[in-house]
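Please read the structure below before turning to the comments.
The values are calculated or read from the model by the stated rules, or taken from the named source; none is laboratory data. Everything quoted here is computed from the prediction, not taken from an experiment. Methodologically, a virtual Cβ is constructed for each residue, glycine included, from the backbone with ideal geometry; neighbour enumeration extends over all protein chains shown. Side chains are part of the model used for accessible areas, which takes the heavy atoms of the whole protein and leaves out ligands, DNA and RNA. Shrake-Rupley method; radii C 1.70, N 1.55, O 1.52, S 1.80 Å.
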Amino acid sequence: MSKTLKSRKHRYSLFPIRGLLVFYDILIYATVVVFALIFFPRSGGRPFEDPKDALDVLIHFAISMPILITVRFLFRVYGQVWRYGGVGSYIRVMIADTITLSVYYLIQRFVPIFEKPLEFVVTTFIILTCTTVSLAVRMVYRWIYISVNRKSKFGKFMVGFVNIFARA
């Protein structure tokens, strides 16, 4: 296999690096949604007092998650490995997530699938908290990768830890 073909094949492969990035973003988003249920209880009471509330939240998650991932793919958020990310990559994440917030809010307001549309503040909390956590994870990864002394015991441990979770 020629060197050009090999590098092109690696660059466009979805797994393992891009697949893990998407997986981590889905995990972060799911965690944020769970915390949103705790901080913004539905129906003025505890989360899931009414079984319809749980179903409604699952519908919100099932619709908003693909929008988030699709918009991030359209903005090529997953086209760059975390350790090479810079300010431009982080701004791309913020713009993509702002567009996700707008699109999702409009969909939930004007598409009659939702029994209880989320308030704007709750939608904003979910998307922007997801953005903040995603950016923090990327920045910490980059900081560890750049600043750790790989010759020390701690450095070897951190590089191994990062490689286990990021496969980079």
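Considered as a group, the residues in segment 124-157 that are in a helix (DSSP H, G or I) and over 23 Å from the mean Cα position of the chain (by Cα) include one that is modelled with the lowest pLDDT, and that residue is SER147.
Within segment 11-62, the set of residues being among the acidic types (Asp, Glu) and either at pLDDT below 70 or within 17 Å of ALA136 (Cβ to Cβ) (or both) comprises ASP25, GLU49, ASP50, ASP53. Taken together, the criteria exclude LEU68 from residues that are open to solvent by 80 Å² or more (accessible area, probe 1.4 Å) and at pLDDT 85 or above.
Looking across segment 27-41, the residues that are in a helix (DSSP H, G or I) and either surrounded by fewer than 16 Cβ atoms within 10 Å (Cβ to Cβ) or among the acidic types (Asp, Glu) (or both) come down to LEU27, ALA30, THR31, VAL34, PHE35, ILE38, PHE39. Can we say LEU106 is farther than 17 Å from PHE40 by Cβ, modelled with pLDDT of 85 or more, open to solvent by 80 Å² or more (accessible area, probe 1.4 Å) and not small (Gly, Ala, Ser)? Taking the combined requirement at face value, the residue satisfies it.
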